[in-house]
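Participant: Let me begin by handing over the structure; questions about it come next.
The values are calculated or read from the model by the stated rules, or taken from the named source; none is laboratory data. Quick caveat, the model's predicted, so the values are computed rather than measured. As a convention, Cβ positions derive from the backbone with ideal geometry for all residues, glycine included, and neighbour counts pool all protein chains shown. Surface areas here come from the heavy atoms of the whole protein model, side chains and all, with no ligands, DNA or RNA. Shrake-Rupley method; radii C 1.70, N 1.55, O 1.52, S 1.80 Å.
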Amino acid sequence: MYRSPPSPEAPLVVVAAQERVLAYRRADGAVAWLHDFRARSHWDGFQDPSTLGPLSLEMTPERVFVATTTHVTAIEYASGRVMGQITLTDARIRPQMVVDGQDLFVTTDKEIVCLDLGGNLRWRAPHGLEIGASTPAIGVPGNVRQGDFAGYK
């Protein structure tokens, strides 16, 4: 697994699972903000949690990036405000993300995407790799995110 270099003490800790992302205040454990990416249905309140598939999380001091098999969403770290969102091309497995400078690179089983740190699309390209059952790996020198075998939608 990847671990970022130490940074100054952050006021929020972010937890993500089952298409939900919560930020807790470090000082007292209170929820600072919450995003639920599950689509609402008419009969049970929410669709099956597997609808969007497993998610990935990447952070900078200013942004939280959440990737599901359908979207990448940029969230302002301090406020929880959605800054931007792009749609991914028919991904079947958990995307992997890495931040390098002012770019966020995202790879799925079908494509590689580059966004700015506001969540705006810079470019996208199909990569043509045969990913199979594992999630892809992505990286730049000194910053690598490795895939695993638990990334299926």
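Participant: Restricting attention to segment 108-121, report how many residues are of a type outside the set (A, V, I, L, M, F, W, C), in a strand (DSSP E or B) and farther than 22 Å from Pro61 by Cα. So that I can check it myself, show each step before the final result.
Facilitator: So the first thing to find is which residues in segment 108-121 are of a type outside the set (A, V, I, L, M, F, W, C), and the list is 108-111, 116, 118-120.
Applying the additional criterion that residues be in a strand (DSSP E or B) yields 111, 116.
Pick out the ones that are also farther than 22 Å from Pro61 by Cα and you get 111.
Qualifying residue count, segment 108-121: 1.
Participant: Still on this structure, please answer the following. Scan segment 58-82 and report the pairs whose first residue is within 15 Å of Asp103 (Cβ to Cβ) and whose second residue is open to solvent by 50 Å² or more (accessible area, probe 1.4 Å), with Cβ atoms within less than 6 Å and a gap of 6+ or a chain change.
Facilitator: From segment 58-82, the pairs are Ala74/Met83.
Yes/no per residue for (1) among the basic types (Lys, Arg); (2) over 23 Å from His35 (Cβ atoms); (3) open to solvent by 60 Å² or more (accessible area, probe 1.4 Å); (4) in contact (Cβ under 8 Å) with a residue 60 or more places away in the chain:
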site	(1), (2), (3), (4)
Thr108	no, no, no, no
Asp116	no, no, no, no
Asn120	no, no, yes, no
Ala125	no, yes, no, no
Thr135	no, no, no, no
Ile138	no, yes, no, no
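Participant: Also, I was wondering about something else. Here are some residues: Ala91, Ala150. Which one is in a loop (DSSP other than H, G, I, E, B), more than 21 Å from Leu22 (Cα to Cα), at pLDDT below 90 and open to solvent by less than 10 Å² (accessible area, probe 1.4 Å)?
Facilitator: Values: Ala150 fails: open to solvent by less than 10 Å² (accessible area, probe 1.4 Å).
Answer to the selection: Ala91.
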